[in-house]
């Protein structure tokens, strides 16, 4: 894949993440600024995870058992904690719940031969 294709994919992903954060934020009547910040921080967590995977020599599509929960969930929750009115304990439990459901659903999809790996 050439540099132009990766760059285009990155910007499409960023635009999609911001659009989805605004749409979901509107369902919960979150202010536009909070929704955009949440989406941007989600992408920042994902980009950080990708950067670390590259430095560890992992494939861009490689998933660890905790890759999504390690970056994509706590970063925006921590960054928007006060705006959302949630505590650190609530963030802890939200991240734990996401990790649990991610592992459970991944295992089910693996057993149904939808995923190639159980994580």
If I model a spin label at residue 100 and residue 54 as a point 7 Å from the Cα along the Cα→Cβ vector, what separation in nanometres do I get? 3.6
Taking 0.36 nm per residue of separation between residue 20 and residue 113 and subtracting their Cα-Cα distance, the length gained on full extension comes to 30.6 nm
If we sort 41-47, 110-116 on the protection proxy, mean other Cβ atoms within 10 Å, highest first, what's the order? 41-47, 110-116
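Coordinate-derived values only; no laboratory data. Keep in mind that this is a model prediction, so the values were computed, not measured. Heads up, the Cβs are rebuilt from the backbone with ideal geometry, glycines too, and the neighbour counts pull from every protein chain shown.
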